[in-house]
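Have a look at the structure below, then the notes.
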Amino acid sequence: MNLNLRHAIIQNVASNTKEELEDTIIDAIRSQEEKMLPGLGVLFEVIWQNANEDEKEEMLSNLKDGLQKQ
């Protein structure tokens, strides 16, 4: 992913409230549009980079469990 795209995505949502961020995530998932995947990836990258080791382990467990249900 181009760093300019990453920066643009972050700048686009940086001032959003928690509710607006939640709406953005839910809308992106519900739309099931491929073009939304880079944005979700950038948001996940921010989450991952700001998580401690316990939070990362929980995310990985949730991801593994969710993937097994697919």
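The values are calculated or read from the model by the stated rules, or taken from the named source; none is laboratory data. Source: prediction; values computed, not measured. We place every Cβ from the backbone using ideal geometry, glycine too, and count neighbours over all the protein chains shown.
Assorted remarks:
- For residue 51: the one exception among (1) among the aliphatic types (A, V, I, L, M); (2) assigned to a helix (DSSP H, G or I); (3) modelled with pLDDT of 95 or more: (2)
- In the range 1-20, the residue that is surrounded by the most Cβ atoms within 10 Å (Cβ to Cβ) out of those that are at pLDDT 95 or above and assigned to a loop (DSSP other than H, G, I, E, B) is 16.
- Lone unmet requirement of (1) surrounded by 13 or more Cβ atoms within 10 Å (Cβ to Cβ); (2) over 11 Å from the mean Cα position of the chain (by Cα) for residue 62: (1)
- Qualifying residue in the range 21-36 (condition: hydroxyl-bearing (Ser, Thr, Tyr), more than 14 Å from the chain's Cα centre (by Cα) and within 21 Å of residue 5 (Cα to Cα)): yes
- Contact map, the range 57-70: first residue assigned to a helix (DSSP H, G or I), second residue of a type in the set (Val, Ile, Thr) and surrounded by 11 or more Cβ atoms within 10 Å (Cβ to Cβ), Cβ cut-off under 8 Å, separation 6 or more or different chains; pairs are 59/47.
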